[in-house]
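In what follows, a single structure is set out as structure tokens and then discussed.
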Amino acid sequence: MILLLAVALVPIFFGLLLGYFAGISGTIDNVHVRSLVSFVMSFSLPCALFLAIVKAPRDLLLGQGRVIAVLATVYLAAYGAAYFFSQMAGRKSSADGAVLALSLAFPNVTAVGIPLLETVYGPQTAITVAIAIAVGAMTISPITLSILENSTAAGHALTGWTRARRAILRAVRRPVVWAPAAGVAAVLNVSLPIYVTRSLMVMGSATAGCALFLTGLIVSAQKFTLDWRVLAGVAAKNILQPLVCLGLAHAASLPIDQTRSVVLMAAIPCGFFGLVFGKGFNASPLLASSSLILSYGLGILTLAGWIVLLGRLH
């Protein structure tokens, strides 16, 4: 078990630390990272998601309905709780609350999920990782964008339905959303030539390393403070969210392999999408950046604990 934990976790935190030290040393600009974000989210990750779904057996792909329901429920519940917490505990603006909620509710499956689940549970988990990313991109990401847009003067002039519709359309246009849908259509209708799958594999293989490095780079630019709100938020993210996911997976009667996958993804530390989205709307709450940093600081311990615990499920 110790060897498994080392093989699963050391490469992930090595990639994170490389990005972190590249940022704090000034080797790479850790403030203007939009180009790196665009490369990961618009090119390498969509290739990886499309390929993961195309390569999945059809019966496995068609059996993901309950996984989608569990992940969507976990994301939405965590988002609502985090947003309410930010309004009550810190009396933050709605924009700051949305950034914090997305940071805590949407695990960094993009960077950590792909290498972690493949190492611990095998390559067949790629389909579950792809679904987890797509579900988050289609649920809590549009909600965040709608709240952020409402915080602007131009957004106030729009009706609630118009803001929601624009946020949904913006989300659907993102490659991380339509690439999995295209993968489903492809696996059900066509057989791709080998040179196409190889091309996608070359680009998709850059996802894990780039996303890990990018996460560390973004973390290196964040400010940090430690108080009870940060501790409570990280405890909810690293411990409570996967615990709730475990209960929902049991209630949904997920098979043991799917249960392990969705719970371990829920245990992954905070995602960086909230802070990236917030930059464009002048919303970068210290609570969100501090939670992001501490979530990774404690993540190697909490992830190890969840891997051991899930390994004992039967």
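General remarks:
- If you go through the range 1-21 and pick out every residue that is under 16 Å from W306 (Cβ atoms) and open to solvent by 80 Å² or more (accessible area, probe 1.4 Å), you end up with 2.
- Counted residues, the range 179-226 - those being free of Cβ contacts under 8 Å to residues at least 40 places away in the same chain and either buried (at least 16 other Cβ atoms within 10 Å of the Cβ) or touching a helix residue (DSSP H, G or I) at 6+ places or on another chain (Cβ under 7 Å) (or both): 0
- When restricted to residues that are of a type outside the set (K, R) and free of Cβ contacts under 8 Å to residues at least 12 places away in the same chain, the range 228-281 contains 8.
- Listed by position, the helices (runs of 4 or more DSSP H) contained in the range 1-90 that have at least 2 residues being closer than 28 Å to A252 by Cβ are 2-24, 45-55, 58-62, 65-85.
Residue by residue, here is whether (1) modelled with pLDDT of 85 or more; (2) under 28 Å from L76 (Cβ atoms); (3) part of a helix (DSSP H, G or I); (4) among the hydroxyl-bearing types (S, T, Y) holds:
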position: G136; (1), (2), (3), (4): yes, yes, yes, no
position: S146; (1), (2), (3), (4): no, yes, yes, yes
position: R165; (1), (2), (3), (4): no, yes, yes, no
position: F213; (1), (2), (3), (4): yes, no, yes, no
position: G216; (1), (2), (3), (4): yes, no, yes, no
position: V219; (1), (2), (3), (4): yes, yes, yes, no
position: L226; (1), (2), (3), (4): yes, no, no, no
position: V230; (1), (2), (3), (4): yes, yes, yes, no
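- Test: residue in the range 65-79 that is buried (at least 16 other Cβ atoms within 10 Å of the Cβ), touching a residue at least 40 places away in the same chain (Cβ under 8 Å), closer than 21 Å to L240 by Cβ and in contact with a strand residue (DSSP E or B) (Cβ under 6 Å, 6 or more places away or on another chain): no
- The one condition in (1) part of a loop (DSSP other than H, G, I, E, B); (2) aromatic (F, W, Y); (3) modelled with pLDDT of 90 or more that F281 fails to fulfil: (3)
- Residue check for T110: farther than 18 Å from L231 by Cα and surrounded by 24 or more Cβ atoms within 10 Å (Cβ to Cβ): yes
- Number of positions in the range 245-278 that are part of a helix (DSSP H, G or I) and closer than 18 Å to V33 by Cα: 6
- Count of residues meeting criterion [acidic (D, E) and within 24 Å of S291 (Cα to Cα)] in the range 223-270: 1
- In the range 43-63, of all residues being open to solvent by 50 Å² or more (accessible area, probe 1.4 Å) and either free of Cβ contacts under 8 Å to residues at least 24 places away in the same chain or in contact with a Pro (Cβ under 9 Å, 6 or more places away or on another chain) (or both), the one that is nearest to M203 (Cα to Cα) corresponds to F43.
- Residue list for the range 245-292, restricted to those being touching a strand residue (DSSP E or B) at 6+ places or on another chain (Cβ under 9 Å) and either surrounded by fewer than 24 Cβ atoms within 10 Å (Cβ to Cβ) or among the β-branched types (V, I, T) (or both): I268
- If you go through the range 293-314 and keep only what is crowded, with 19+ Cβ neighbours inside 10 Å, farther than 29 Å from A89 by Cα and among the β-branched types (V, I, T), you end up with just I307.
The values are calculated or read from the model by the stated rules, or taken from the named source; none is laboratory data. Only a predicted model underlies this, so the values are computations on that prediction, with no experimental measurement involved. Note that we place each Cβ from the backbone using ideal geometry, even for glycine, and neighbour counts take in every protein chain shown. To get the accessible areas, we keep the full protein, side chains included, count just its heavy atoms, and leave off ligands, DNA and RNA. Shrake-Rupley method; radii C 1.70, N 1.55, O 1.52, S 1.80 Å.
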